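Engineer: This structure is in structure tokens; I'll ask about it shortly.
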Amino acid sequence: AAAPPTYRPGLEGVPATQSAVCDIEGQRGLLTYRGYPIEQLASHSSFLETAYLLIWGELPTIFQLREFEQEVQMHRRLSFRIRDMMKCFPATGHPMDALQASAASLGLFYSRRALYDPQYIVDAVVRLIAKIPTMVAAFQLIRKGQDPIQPRDDLAYSANFLYMLTEREPDPLAARIFDACLILHAEHSLNASTFSARVTASTLTDPYAVVASAVGTLAGPLHGGANEDVLDMLDQIGSIDQVEPWLERAIAQKQKIMGFGHREYRVKDPRAVILQGLAEELFQRFGHDAMYDVALKLEEVAGRRLGPKGIYPNVDFYSGLVYRKLGIPRDLFTPIFAIARTAGWLAHWKEQLGANRIYRPSQIYTGPAERGWLPLESRP
Ligand code: SDX
């Protein structure tokens, strides 16, 4: 008989599904979406084109892309019911909790038609890709005590999001760089939130509940939010000459360096390499950020100390500096991660529908052996 499978904490190294969406070669720092290297997509594609590729498996023809862009544009608006519901959220509430509630509420509006109806799948994909950015921007304006502003049909996906968020039409360079950030965050094989999406999808619940489940998972500080912590860390270090003493103290206290390390990568995350280039483009155009110099020094010094353990910068190390330069509030960094990763979650939802097998892994029981009932009066 085959040896019983061994338990691996965090399922490390355990294949929990088969998937054709994304491949990561951690030793070599290679990341491909449906076979296309992330470097090519970040340079040549748009987020909507990349979302189409992830979800339907092939790059769209010009006709398919234009149709998808128009469908998304037509579904960006939120029903007044959702906007009014969002006005009831506490202004001090965490944006990821607001996003999870709002995304789940979409399920109330779109009756659960036959999940395998191809049109239902297209409608759900379009609505979630289209409405999640509007929800994030609406939350920002509402917590400032303002009415959310409507999407502008003459602006492309990323430019429209930045417009709804900041109430100003963004510089084309800022919009392009933001769109590239969405491509870089769109998918990453079986990370915690995508695994959560697949488990939820496997029960055949609706796609809005699947995305809400994944949003809740991404909200955890070990998964989403590390880029906020990176900025706090850089601010705490303060200057280049403080990097080495700060790092020595952090290592001595066995502190995890935010934005470093990854379950898959044993070299620098290829997304961090691209984000560094985007940051430098922004700084050249809109002014330097001294914290970038601190980050470069930290990468150099930490590379010497942690590199031998295969610990290098991950996607979160430079993304916070990019978002801060784009004028995005820190606590919206993870909701923006969710905007992008909705494409990957939906790709895996659709693939899981095809797998059609509910997740129900086994466990190793470590509780007490069978024992007799103890009446209340005879308990010690
Ligand atoms: C994301 O899975 C994905 O793909 C996620 C993601 C995606 O796109 O979906 O890439 C997005 O979540 C990026 C990661 C963002 N989180 C952080 O930057 C937080 C800091 N990083 C660590 O918490 C950690 O590196 C993880 C959570 C990212 C990965 O953790 P692992 O693989 O479970 O590694 P581990 O905690 O078991 O650590 C192994 C060793 C330990 O040392 P020893 O106890 O064996 O001596 O490496 C050390 C750890 O202490 N280590 C670190 C470290 N990360 C791991 N030491 C210092 N600083 C770190 N950041």
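Engineer: For the range 274-313, enumerate the residues that are of a type in the set (A, V, I, L, M) and without any contact (Cβ under 8 Å) to a residue 60 or more places away in the chain.
Structural biologist: Filtering the range 274-313 down to residues of a type in the set (A, V, I, L, M) leaves 274-275, 278-279, 282, 290-291, 294-296, 298, 301-302, 306, 311.
Within the range 274-313, Ala279, Ala290, Leu296, Val301, Ala302, Leu306, Ile311 qualify.
Engineer: Next question, about the same structure. Check whether at least one residue in the range 181-189 is without any contact (Cβ under 8 Å) to a residue 40 or more places away in the chain and of a type outside the set (A, V, I, L, M), and report yes or no. Show your work before the answer.
Structural biologist: Filtering the range 181-189 down to residues without any contact (Cβ under 8 Å) to a residue 40 or more places away in the chain leaves none.
Looking for residues that are without any contact (Cβ under 8 Å) to a residue 40 or more places away in the chain and of a type outside the set (A, V, I, L, M), one finds none in the range 181-189, hence no.
Engineer: Need pairs with beta-carbon distance below 6 Å; first residue closer than 25 Å to Ser193 by Cα and within the range 221-238, second near the ligand (Cβ under 8 Å from one of its atoms) and among the acidic types (Asp, Glu); sequence gap 6+ or separate chains.
Structural biologist: Sorted first by the residue in the range 221-238, then by its partner, the pairs are Ala226/Asp316; Asn227/Asp316; Val230/Asp316.
Engineer: Follow-up question, since we're still on this one. Where the second residue is exposed (fewer than 14 other Cβ atoms within 10 Å of the Cβ) and the first is of a type outside the set (A, V, I, L, M) and lies in the range 41-63, which pairs have Cβ atoms under 8 Å and are six or more apart or on separate chains?
Structural biologist: From residues that are of a type outside the set (A, V, I, L, M), the pairs are Gly57/Ala20.
Engineer: Taking Leu53 as meeting all but one of (1) hydrophobic (A, V, I, L, M, F, W, C); (2) on the phi > 0 side of the Ramachandran plot; (3) in contact with a Lys or Arg (Cβ under 6 Å, 6 or more places away or on another chain), write down the number of the exception.
Structural biologist: (2)
Engineer: Also, quick follow-up: Would you say Ala209 is aliphatic (A, V, I, L, M), modelled with pLDDT under 95 and closer than 29 Å to Glu351 by Cα? It would help to see each step written out before you state the result.
Structural biologist: Working: aliphatic (A, V, I, L, M): yes; modelled with pLDDT under 95: no; closer than 29 Å to Glu351 by Cα: yes.
No, not satisfied.
Engineer: Going through the range 78-130 one residue at a time, which ones are among the aromatic types (Phe, Trp, Tyr), outside any helix (DSSP H, G or I) and closer than 23 Å to Phe161 by Cα? Write out each step before concluding.
Structural biologist: Going through the range 78-130, the residues among the aromatic types (Phe, Trp, Tyr) turn out to be 80, 89, 109-110, 116, 120.
Imposing the further condition that a residue be outside any helix (DSSP H, G or I) reduces the set to 89, 110, 116.
Result: Phe89, single match.
Engineer: Going through Phe333, Phe317, Phe337 one at a time, which residue ends up being crowded, with 16+ Cβ neighbours inside 10 Å and in contact with an Asp or Glu (Cβ under 6 Å, 6 or more places away or on another chain)?
Structural biologist: Details: Phe317 fails: in contact with an Asp or Glu (Cβ under 6 Å, 6 or more places away or on another chain); Phe337 fails: in contact with an Asp or Glu (Cβ under 6 Å, 6 or more places away or on another chain).
Unique residue meeting the criteria: Phe333.
Engineer: OK, next. Being within 22 Å of the chain's Cα centre (by Cα), under 22 Å from Ser193 (Cβ atoms), of a type in the set (Phe, Trp, Tyr) and surrounded by 13 or more Cβ atoms within 10 Å (Cβ to Cβ), is that true of even one residue in the range 89-102?
Structural biologist: Within the range 89-102, none of the residues are within 22 Å of the chain's Cα centre (by Cα), under 22 Å from Ser193 (Cβ atoms), of a type in the set (Phe, Trp, Tyr) and surrounded by 13 or more Cβ atoms within 10 Å (Cβ to Cβ).
Engineer: Being β-branched (Val, Ile, Thr) and closer than 21 Å to Ala130 by Cα is the filter; apply it to the range 170-202 and report the residue that is nearest to the ligand (Cβ to nearest atom).
Structural biologist: Of all residues in the range 170-202, those β-branched (Val, Ile, Thr) come to 177, 183, 194, 199-200.
Those still in the list that are closer than 21 Å to Ala130 by Cα too: 177, 183, 194.
Values: Ile177: 18, Ile183: 12, Thr194: 7 Å.
The extreme case among them is Thr194.
Engineer: Okay, moving on. For the range 157-167, enumerate the residues that are open to solvent by 10 Å² or more (accessible area, probe 1.4 Å) and either part of a helix (DSSP H, G or I) or touching a helix residue (DSSP H, G or I) at 6+ places or on another chain (Cβ under 7 Å) (or both).
Structural biologist: Going residue by residue through the range 157-167, those that are open to solvent by 10 Å² or more (accessible area, probe 1.4 Å) are 157, 159, 163, 166-167.
Across the range 157-167, the qualifying residues are Tyr157, Ala159, Tyr163, Thr166.
Engineer: Same structure, new question: Take the range 336-380 and flag every residue that is of a type in the set (Gly, Ala, Ser) and either touching a residue at least 24 places away in the same chain (Cβ under 8 Å) or not in a helix (DSSP H, G or I) (or both).
Structural biologist: In the first step, residues of the range 336-380 are kept if they are of a type in the set (Gly, Ala, Ser); the result is 338, 340, 343-344, 347, 354-355, 362, 367, 369, 372, 378.
Ala338, Ala340, Ala343, Gly344, Ala347, Ala355, Ser362, Gly367, Ala369, Gly372, listed by residue number.
Engineer: When residues of the range 3-53 are filtered for being open to solvent by 70 Å² or more (accessible area, probe 1.4 Å) and either among the small types (Gly, Ala, Ser) or part of a loop (DSSP other than H, G, I, E, B) (or both), how many remain?
Structural biologist: Filtering the range 3-53 for residues open to solvent by 70 Å² or more (accessible area, probe 1.4 Å) gives 3-9, 11-13, 15, 18, 23, 25, 27-28, 36, 39-40, 43-44.
Now restrict to residues that are either among the small types (Gly, Ala, Ser) or part of a loop (DSSP other than H, G, I, E, B) (or both): 3-8, 12-13, 15, 18, 27-28, 43.
The total comes to 13.
The values are calculated or read from the model by the stated rules, or taken from the named source; none is laboratory data. If you're wondering where the values come from, they're calculated on a predicted model, not measured in any experiment. Cβ: placed from backbone, ideal geometry, glycine included. Neighbour counts: every protein chain shown. Note: areas computed on protein heavy atoms with side chains; ligands, DNA, RNA excluded. Shrake-Rupley method; radii C 1.70, N 1.55, O 1.52, S 1.80 Å.
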